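Data first, discussion second: the structure below is written as structure tokens.
The values are calculated or read from the model by the stated rules, or taken from the named source; none is laboratory data. These numbers come from a predicted model, not from an experiment. Note that each Cβ is placed from the backbone with ideal geometry, even for glycine, and that neighbours are counted across all protein chains shown.
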Amino acid sequence: MRKSSTDLTEGNIIRQIVLFALPIMLGQIFQNLYNSVDAIVVGNYVGTTALAAVSSSSDIAQLLNGFFTGMSTGCGILFARYFGAKDYQKVHDSIHTALTFAISLGLAMAVLGIIFTPFLLNVVGCPQDVYDQAAEYLRIYLAGILFTSLYNVGAGVLRAVGDSRTPFYILVISSCVNIVLDLLFVVLFRMGVMGVAFATIISQFSSVCMVYYRLLHTDDVYKVTLSHLKIDRELLKEVIDLGLPTAIQSSLISTSNLFVQRYINSFGSAAMAGIGAAKKIDKFTGLISQSMGLSITTFVSQNYGAQRLDRAFKGIRQTLILNFIMIACMGTVIFSFAPFFVNIFTKDAAAAGFGVGMIRVMMPLYIFQALNAIFSGATRGFGRSRNVMLLSIFGMVVCRQIFLAITMSIEHNVRFVYFGYPVGWGFSALFVYIYYRHQIKNKFKNQLEH
């Protein structure tokens, strides 16, 4: 086996998890950084209205991103399981099936997204004063959604075989490309939100080129051969069984966020801009849990495939503790310096007030997202993606919307919107933990004892 892949079924657990998770985390930091640069450039060089337009479109874009990320996570579970079981023919066949499916899905989503842009903006209640800029940004962004689909599958392949460094390097380069193009298109050429959108899809295209150069030129078991692109119906069923629940979960949570965005929009463009900035900032805390969740999914998948159940459960415990420590450190920094971070995005005092208010509410409650990410990731690693989907939807979609509907009907107060996100994390974490405890841990514990 070449060094570009990593067997997570052997060696020191915490060391392997840290070494595997760190590139994922740093990669997501860079990805969030270039998304944040979009907002910083727009907010400082175009204006508050333009920042509100990009913020209003971001949750819609995240809906489709979430779908493709969910599919790639499910595919990665399958790849990792076969890799852990040393069934390399199945690794090859499942990769090519997933990639062929991703191309078809990406093209379809691009066409449908462009057609339904007005409908999507109406769903979030996009105000008229930002509507034209939001539609312009969203249509260009959605035209390049195929690149998101292709990149996520390619990066999922590499992570499934233990190579989290290559996606990190690719994200660093593509982030730099995006930042340079943002400044070029917006500051120099004065292209406004259109320039930001073009910078984003060009940088995404560059990441696709890099990840597939790696996959096409490797001699390892995960090599992609264009002439082998076809769909194996049995493997497609497995890809869909594992990937679709996670994709639907991500999409429905993003859909729930669209309705939260509708509440935000009801407070005006200052709230849209300020809370949009806060969401960019708080993602730096959230991506820690997301990275650890992705890592534990791959770790559990490989060890489950290799029948190393004792090792899988030890990894879950150690990852949870590590996640708590990192969340506490990052959350403390962002909470303490919230005004400074928000003012990077906007100098508008009203907008900044909304942003700081949201950060100060959310940071202490990120422990719920930490719990949810680890237990959801571990449960997916054991192949229970569908159950995680249902529980997460009930917690982060249904319970969140019930909370907001009740509280906002009592009083039209933006603080209820701030609490909407943590309330969803808390319910989801509770439901997933109960399922994990009784249907995963106890069941496999009995197997270990016998």
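Things to note:
- Of all residues making up the range 401-427, the number that are of a type in the set (Val, Ile, Thr), touching a residue at least 24 places away in the same chain (Cβ under 8 Å) and farther than 17 Å from Ala271 by Cα: 1
- Residue in the range 208-216 that is over 21 Å from the mean Cα position of the chain (by Cα), crowded, with 16+ Cβ neighbours inside 10 Å and in contact (Cβ under 8 Å) with a residue 12 or more places away in the chain present: yes
- Residue within the range 167-188 that is surrounded by 18 or more Cβ atoms within 10 Å (Cβ to Cβ) and among the small types (Gly, Ala, Ser) present: yes
- If the condition is being surrounded by fewer than 24 Cβ atoms within 10 Å (Cβ to Cβ), more than 30 Å from Ala53 (Cβ to Cβ) and not aromatic (Phe, Trp, Tyr), then the range 360-372 contributes Pro364, Ile367, Leu371.
- Hey, Val388 farther than 30 Å from Asp7 by Cβ, touching a residue at least 60 places away in the same chain (Cβ under 8 Å) and crowded, with 20+ Cβ neighbours inside 10 Å or not: no
- Test: residue in the range 69-82 that is farther than 26 Å from Ile393 by Cβ and surrounded by 23 or more Cβ atoms within 10 Å (Cβ to Cβ): yes
- Check on Thr6, closer than 21 Å to Phe119 by Cα and more than 21 Å from the chain's Cα centre (by Cα): no
Table: residues versus (1) closer than 19 Å to Asp7 by Cα; (2) surrounded by 15 or more Cβ atoms within 10 Å (Cβ to Cβ); (3) not hydroxyl-bearing (Ser, Thr, Tyr).
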site	(1), (2), (3)
Gln89	yes, no, yes
His92	yes, yes, yes
Leu107	no, no, yes
Thr117	no, yes, no
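Residue-by-condition table, conditions (1) over 20 Å from Ser55 (Cα atoms); (2) at pLDDT 95 or above:
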residue	(1), (2)
Asp348	no, no
Phe354	no, yes
Met358	no, yes
Gly381	yes, no
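- The one condition in (1) within 30 Å of Ala134 (Cβ to Cβ); (2) modelled with pLDDT of 85 or more; (3) of a type in the set (Phe, Trp, Tyr) that Tyr34 fails to fulfil: (2)
- Scan of the range 399-424 for residues that are more than 28 Å from Ala350 (Cβ to Cβ) and in contact with a Gly (Cβ under 9 Å, 6 or more places away or on another chain), ordered by number: Cys399
- Residues that are surrounded by 19 or more Cβ atoms within 10 Å (Cβ to Cβ) and not small (Gly, Ala, Ser) were ranked within the range 14-25; the one that is nearest to Lys279 (Cα to Cα) is Met25.
- Any helices (runs of 4 or more DSSP H) falling wholly within the range 342-408 and containing at least 2 residues that are farther than 30 Å from Leu309 by Cα: 349-362
- Condition met for Leu236 (over 25 Å from Leu33 (Cα atoms) and surrounded by fewer than 21 Cβ atoms within 10 Å (Cβ to Cβ)): yes
- Being of a type in the set (Val, Ile, Thr) and touching a Gly at 6+ places or on another chain (Cβ under 8 Å) holds for only one residue in Ile173, Ile179, Ile145, and it is Ile145.
- Wholly enclosed helices (runs of 4 or more DSSP H) of the range 19-123 bearing at least 3 residues touching a helix residue (DSSP H, G or I) at 6+ places or on another chain (Cβ under 9 Å) and farther than 25 Å from Leu252 by Cα: 48-84, 88-115
- Conditions (1) farther than 30 Å from Val46 by Cα; (2) surrounded by fewer than 20 Cβ atoms within 10 Å (Cβ to Cβ); (3) modelled with pLDDT of 95 or more: number failed by Phe375: (2)
- Long-range neighbours under 7 Å by Cβ, at least six apart or interchain, first residue at positive phi within the range 256-273, second buried (at least 19 other Cβ atoms within 10 Å of the Cβ) and at pLDDT 85 or above: none
- Residues being out of contact with any helix residue (DSSP H, G or I) (no Cβ under 8 Å at 6 or more places or on another chain) and either of a type outside the set (S, T, N, Q) or within 19 Å of Ala110 (Cβ to Cβ) (or both) are represented in the range 186-200 by at least one member.
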